[in-house]
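To start, the structure itself, in structure tokens.
The values are calculated or read from the model by the stated rules, or taken from the named source; none is laboratory data. No experiment lies behind these values; they were computed from the predicted model shown. Positions of Cβ are backbone-derived with ideal geometry, glycine not excepted, and every protein chain shown enters the neighbour counts. Heads up: the accessible areas ignore ligands, DNA and RNA and are worked out on the full protein's heavy atoms, side chains in. Shrake-Rupley method; radii C 1.70, N 1.55, O 1.52, S 1.80 Å.
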Amino acid sequence: MDYQQLIQLDMENDHGIGTLLDLHGQIIEQDYGYWIKIEAWQVDASDDIPHGIRYCLTLHEPYGKRILGFDNAHAVKPPKKFKYAGQRIPYDHKHRHISDKGVPYEFHNAHQLISEFFREVDRILKELRQS
């Protein structure tokens, strides 16, 4: 069984995909004018998007700037000392702040993606409330 077949088998058993796809187009208001936007749709699986889901989960500040994002819209260049250095990796990545060009993100399944995104949102909003 090759890598693509393993990913496809894993995605068939990923019950979070339905939830992620159902969230497509949702804008969720948060405290203090911050908001979340979720986009997710199925695409043909490829080397860049082996799980066949194109997604973009973002947290925005009140004036619209993205301050956190998990997406797979483009490739990112991993740091030279990163564990993927010199390898072709899938497009999955996250932006940790406004000017972050992205760091690779290991997509395991849709449930994990949603959970990790909202955990990061909670952490950021908590830090903002404390400052």
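Structural remarks
- The set of residues in region 9-67 that are more than 18 Å from Phe118 (Cα to Cα) and touching a Lys or Arg at 6+ places or on another chain (Cβ under 8 Å) comprises Trp41, Gln42, Val43, Asp47.
- Qualifying positions in region 42-54 - part of a strand (DSSP E or B) and at pLDDT below 90: Ile53, Arg54
- Hits in region 55-72 (condition: surrounded by fewer than 20 Cβ atoms within 10 Å (Cβ to Cβ) and assigned to a loop (DSSP other than H, G, I, E, B)): Glu61, Pro62, Tyr63, Gly64, Lys65
- Qualifying residue in region 61-72 (condition: out of contact with any Ser or Thr (no Cβ under 9 Å at 6 or more places or on another chain) and hydrophobic (A, V, I, L, M, F, W, C)): no
- Selection of region 1-18 for residues being aliphatic (A, V, I, L, M), open to solvent by less than 100 Å² (accessible area, probe 1.4 Å) and at pLDDT below 75 yields Leu6, Ile7, Leu9, Met11.
- Taking region 19-48 as the range and being of a type in the set (Gly, Ala, Ser), surrounded by fewer than 15 Cβ atoms within 10 Å (Cβ to Cβ) and within 21 Å of His60 (Cβ to Cβ) as the test, the residues that pass are Gly25, Gly33.
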